[in-house]
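Structure record follows, encoded as C-alpha cells.
The values are calculated or read from the model by the stated rules, or taken from the named source; none is laboratory data. Fair warning: this is a prediction, and the values are worked out from it, not measured in the lab. Ideal geometry is used to build each Cβ from the backbone, glycine not excepted, and the neighbour counts take in all protein chains shown.
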Amino acid sequence: MNGFLFEQIIFGPIKSRRLGISLGVNLLPLNKKHCTFNCLYCECGWTKPKKEACLTYPTREEIQQALDEKLTAMRKKRAMLDAITFAGNGEPTLHKDFARIIDDTIGLRDKHYPFARIAVLSNGSLAGKPEVASALKKVDQNILKLDAGNEETFQQINNPRMKISLDQIISNLSQFKGQMIVQSLFVRGTHEGKPFDNTTPEEVNAWLEYLKILQPKGVMIYPIARATPAENVEKVDLDELQKIAGKVEELGISTEVYS
Ligand code: SF4
C-alpha cells in the first residue's frame, strides 16, 4: 500500500468533524511519510527506514511563507476558519524547528484569524523533549495518541521505530497535567500471523486506568477510516466504540466518537 500522502505544506481547508473548518499544515517531507511510530493502521502507509526514505523537510521559512500566503488569500475571500491543524505525512514534532514553527503560527493566526484554534495531532513520543513540550503547551488543542493499555499491545499496534515504552509515553503525556486531548483508535486483526486487539475488556480497562491518571480535557475515539498498510485489519463498529466511550464518560471525562 502506498498510503495517503500530502504533496503540499498547506492543505485544505477541509471540513473536519473533530476540528470544524480546518486548514492543515504538513511539516513532513512532501509525498513521503516519516514517523517515530509505524502503526499497523496508518493511512500514510508503512514508515520506511530513514536511510531509504531520502527525507527533505520543508524549512521553517517555507512553512511560514506558505501559511501566510494561504491565510492572506482566505481572508481576502472572507473564508471561514475554525482551526489550523498540524497533521500530514507523519509525526509533526520530528521537524527540528517545530517549536519555532508553532511560535510563527501563533503570530500568523493572531494576524489573520485571531479566533481560530491551533491544533497539533501528535503521537507524544517526542513530548519528553522540553522544547517540544513547551510548544505543545502553547497550542489550543494538544491532541495526543494513546491506543493501548499495556506494553505488548502498544508495541504491536503502534509498532514504534524508536526505542520507547508505553510507560515513557504515559510519562510524556502526564507532564501536560490534563491540558491535552487524548485520541485513541480502536482496532483488531492479525499481523504476521499474530492477533492484535485493543478492544478486549482487559485492554480497555487498562487504557481507562491510564485515562484516570492523565485526566485529559477530552477523549476522541475513532476507528480506521482508510486502507491500512497491514492486511487483515478490522474496522470496529460504532456501537462498540460508543460502549467504550460510555466507560470514559463514567470517569467524568468528556468523550466523542468519530466514525
Ligand atoms: S503515529 Fe500517526 S503518522 Fe505515525 S505511524 Fe501512527 S498513525 Fe501513522
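Number of residues in region 93-137 that are touching a strand residue (DSSP E or B) at 6+ places or on another chain (Cβ under 7 Å) and polar (S, T, N, Q) equals 4. Candidates in region 196-224 are the residues that are of a type in the set (S, T, N, Q) and touching a residue at least 12 places away in the same chain (Cβ under 8 Å); of these, the one that is nearest to residue 43 (Cα to Cα) is 198. Among the residues of region 239-259, just one is in a helix (DSSP H, G or I) and within 22 Å of residue 4 (Cβ to Cβ), namely 241. Would you check if residue 108 is of a type in the set (A, V, I, L, M), more than 16 Å from the ligand (Cβ to nearest atom), touching an Asp or Glu at 6+ places or on another chain (Cβ under 9 Å) and at pLDDT 95 or above? For residue 108, the condition - of a type in the set (A, V, I, L, M), more than 16 Å from the ligand (Cβ to nearest atom), touching an Asp or Glu at 6+ places or on another chain (Cβ under 9 Å) and at pLDDT 95 or above - is met. Please go through region 2-49 and pick out each residue that is more than 11 Å from the ligand (Cβ to nearest atom) and among the basic types (Lys, Arg). Selection gives 15, 17, 18, 32, 48. Look at residue 234 and say whether it is among the charged types (D, E, K, R) and either buried (at least 17 other Cβ atoms within 10 Å of the Cβ) or in contact with a Lys or Arg (Cβ under 6 Å, 6 or more places away or on another chain) (or both). For residue 234, the condition - among the charged types (D, E, K, R) and either buried (at least 17 other Cβ atoms within 10 Å of the Cβ) or in contact with a Lys or Arg (Cβ under 6 Å, 6 or more places away or on another chain) (or both) - is met.
For region 118-131, a residue qualifies if it is more than 16 Å from the ligand (Cβ to nearest atom) and farther than 18 Å from residue 69 by Cα, and the qualifying residues are 129, 130, 131.
Is it fair to say residue 127 is at pLDDT 95 or above, of a type outside the set (D, E, K, R), farther than 21 Å from residue 38 by Cα and out of contact with any Cys (no Cβ under 9 Å at 6 or more places or on another chain)?
On the way: at pLDDT 95 or above: yes; of a type outside the set (D, E, K, R): yes; farther than 21 Å from residue 38 by Cα: no; out of contact with any Cys (no Cβ under 9 Å at 6 or more places or on another chain): yes.
In short, no.
Applying the criterion of at least 2 residues that are in contact with a helix residue (DSSP H, G or I) (Cβ under 8 Å, 6 or more places away or on another chain) and within 13 Å of the ligand (Cβ to nearest atom) to the strands (runs of 3 or more DSSP E) found wholly in region 155-229 leaves an empty list.
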